[in-house]
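Taken together, the values in this text are just the output of simple stated rules run on the coordinates, not laboratory data. Computed from a predicted structure; not experimentally measured. Don't worry about glycine lacking a Cβ; one is built from the backbone with ideal geometry, like all the others, and counts go over all protein chains shown.
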Amino acid sequence: MSRLDLWKDPWPLDVGQCPCDVHFTRFLAERGLSGQRIFHLGTGDHHHVGLQAPAGNHAVLGITATEPEYVSYIRLAVENPHLGKFYKVLFSDIYQINPRLLPEFDIVTLFHLCEFWSQANAPFAALDDRGVLEALSRKVRTGGLVLFYTGSFAYDAAARLIPDWQAGTGFVEEPGYESLRIFRKT
Ligand SMILES: C[S@@+](CC[C@H](N)C(=O)[O-])C[C@H]1O[C@@H](n2cnc3c(N)ncnc32)[C@H](O)[C@@H]1O
């Protein structure tokens, strides 16, 4: 019987190894951004971005493909009822994301673009990495942002997608923030 082969281990917050989520929440705070509608690829088991959502009045939709991370979100939502108004988590392989089910966003984080493609899951994929980038960035409002993480192990592959994507969609690069590259939809 065929099954999706997904990331199994819950990911703890490890700023030494993977600081993107902390850089992102610092970016939001330092720019004084509040009330943002955020699509966040890769919640981690720590749910750092989602946990910061109430303080900034953000609406965060996080995605995980790791069962224990989905379970830890359920526990958080039950134990902290206030959080659930600001932070939702979707369990899905990013390559099975269905753009017809997604709303408009102010910010899309694609920190882990190109990290998860696998031949085992390819027969079940709706999109490849280029498709994920195009579909998610189409959901960004004019003036909104797409962010990439230069510390990703797959950053070289993600960076190779950026020039064609930019040419076709009119995103303009702005000065980066810590490990993040920032593109605004014109
Ligand atoms: C290395 S962790 C990073 C988590 C967090 N962004 C951080 O930097 O601490 C990767 C995250 O991507 C998620 N992930 C792994 N494979 C995925 C896939 N195929 N589709 C969507 N998310 C996936 C994992 O569930 C996990 O939350």
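Looking at segment 57-127, I'd like the Rg to Rh ratio, where Rg is from alpha-carbon atoms and Rh is Kirkwood's inverse mean 1/r.
A ratio of 0.99.
Residue separation times 0.36 nm, minus the C-alpha to C-alpha distance between residue 8 and residue 153: what's the value?
50.4 nm is the gain from fully extending residue 8 to residue 153.
With θ set to phi - 60° and the Karplus curve 6.51 cos²θ - 1.76 cosθ + 1.60, what are the ³J(HN,Hα) couplings of segment 38-43 in order, to the nearest whole Hz, using x for Gly and Pro?
10, 9, 10, 7, x, 5
What does the C-alpha gyration tensor say about the overall shape of segment 90-186? Classify as rounded when a/c is under 1.5, otherwise prolate if a/b is larger than b/c, or oblate.
It comes out oblate by the Cα gyration axes.
In percent, what relative contact order does the chain have, based on Cα pairs under 8 Å that are 6 or more apart in sequence?
It rounds to 21 percent for the chain.
Going by the alpha-carbon gyration tensor, a ≥ b ≥ c the square roots of its eigenvalues, is the chain rounded (a/c under 1.5) or, if a/c is not under 1.5, prolate (a/b greater than b/c) versus oblate?
Cα axes put the chain in the rounded bin.
Suppose every K and R has +1 on its Cβ and every D and E has -1 on its Cβ; what is the size of the dipole of segment 13-164 about the Cα centre, in Debye to the nearest 20?
Dipole magnitude for segment 13-164 comes out near 560 debye.
For segment 147-186, what does the convex hull of the Cα positions come to per residue, in cubic angstrom?
Enclosed volume per residue, from the Cα hull, is 53 Å³.
Can you show me the helix-derived [θ] at 222 nm for the chain, built from DSSP H runs with n ≥ 4 at -39,500 (n - 2.57) apiece and divided by the number of residues, rounded to the nearest 500.
-9500 deg cm²/dmol
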